[in-house]
Amino acid sequence: MAGNIKTYFIEAVDWFDYVPKVTLRLDWTHSESADRDHYTIRHSGGDPFLDPDADPDDTTTNNYYELEVDADATGTWIFLVRCVDTDGNEEGNISCLAWVYLVDGQESAIPAEPRNVKVDPIAGGKLRVSWLYTPWQEQNGPGAAHEGRIYGDGGTGTMDFSSPVATVAMSNPTEEDSFSWDSGVLSDGTFYGYVVRVATAAHPGGIETQNTDVHYGTPDSDVPTTPVLDAKII
């Protein structure tokens, strides 16, 4: 395992074409394998998705890697580092990832994944999807959470990440807060799965967390309506 990746920036200039550049640098601890030969580097090139099975973009024998991008670049650079031994065997980790989100060449905040996601039946044969958001877990935050995106399987058991079934304004909280969304009327007794992701801008823009943990709920039209409290001194 390569392990312990971090990123930082060095201002640089390409003197051949005079285009200002920003250098993204990754550092990691060397693999402890006795037959370590080199490392493979994969990066997303500014896209918010990285294919871990794609051919490597580069290799190095060092425990660091640098990539130049335009100084006004905007996008998400995801890096994956793997160790290769002297026989050419590449280990298969997908956890040694580093994310850098740039806006006009400047590092911007990356949202944290939602916490305590729940899917509960509520009155009217509906489901309520709720979650807790902790902004101090953001990279370069707080203040990155613009909206929550709710993806669903429609009761089929197959999650559809092509488009959210709903979005919830989160308004870039700087303190821990809770959020929820209520579905429409659903089929009683059917299992519905939902994934909540957090994004830095309105769909389809911004950077979106890539968590895939599915939470299930079963609607029940017999669930009673929640009472409305009105406390007062008498």
Inset, instruction - Kindly indicate whether Asp120 is among the charged types (D, E, K, R), surrounded by fewer than 18 Cβ atoms within 10 Å (Cβ to Cβ) and in a strand (DSSP E or B). - result: yes
Inset, instruction - Go through Gly206, Gly189, Gly193 for me and flag whichever is outside any loop (DSSP other than H, G, I, E, B) and not assigned by TED's automatic domain parsing to the domain that holds Pro48. - result: Gly193
Legend entry - Set Asp85, Asp182, Asp120, Asp188: member being under 30 Å from Tyr39 (Cβ atoms) and out of contact with any helix residue (DSSP H, G or I) (no Cβ under 9 Å at 6 or more places or on another chain): Asp85
Legend entry - Top-ranked residue of segment 64-90 - restricted to ones that are part of a loop (DSSP other than H, G, I, E, B) and modelled with pLDDT under 95, ranked as nearest to the chain's Cα centre (by Cα): Thr74
Legend entry - Tally, over segment 49-63, of residues that are over 19 Å from Tyr101 (Cβ atoms) and either among the charged types (D, E, K, R) or in a strand (DSSP E or B) (or both): 5
Inset, instruction - Only one of these is crowded, with 20+ Cβ neighbours inside 10 Å, of a type in the set (D, E, K, R) and within 30 Å of Asp188 (Cβ to Cβ): Arg149, Arg115. Name it. - result: Arg149
Legend entry - Ile207 touching a Ser or Thr at 6+ places or on another chain (Cβ under 6 Å), in contact (Cβ under 8 Å) with a residue 24 or more places away in the chain and crowded, with 16+ Cβ neighbours inside 10 Å: yes
Legend entry - Residue tally, condition under 12 Å from Cys96 (Cβ atoms) and touching a strand residue (DSSP E or B) at 6+ places or on another chain (Cβ under 6 Å), over segment 29-45: 5
Inset, instruction - Enumerate the pairs (first residue in segment 76-91 and under 20 Å from Asp27 (Cβ atoms) and assigned by TED's automatic domain parsing to the domain that holds Asp58; second residue anywhere and among the hydroxyl-bearing types (Ser, Thr, Tyr) and part of a strand (DSSP E or B)) with beta-carbon separation below 7 Å, excluding pairs fewer than 6 apart on the same chain, so at least 6 apart or on different chains. - result: Thr76/Tyr101; Val81/Tyr39; Arg82/Tyr39; Arg82/Thr40; Cys83/Tyr39; Val84/Tyr39; Val84/Thr40
Legend entry - Filter result for the condition that a residue is crowded, with 19+ Cβ neighbours inside 10 Å, modelled with pLDDT of 95 or more and polar (S, T, N, Q), over Ser171, Ser183, Ser187: Ser183
Inset, instruction - Go through the residues of segment 41-48 one by one and say whether even a single one is surrounded by 15 or more Cβ atoms within 10 Å (Cβ to Cβ), outside any strand (DSSP E or B), modelled with pLDDT of 90 or more and on the phi < 0 side of the Ramachandran plot. - result: yes
Inset, instruction - Take Val19 and decide whether it is more than 19 Å from Ser95 (Cβ to Cβ) and at pLDDT 90 or above. - result: no
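The values are calculated or read from the model by the stated rules, or taken from the named source; none is laboratory data. All of these numbers come straight from a predicted model, not from anything done at the bench. Neighbour counts run over all protein chains shown; Cβ positions are idealised from the backbone, glycine included.
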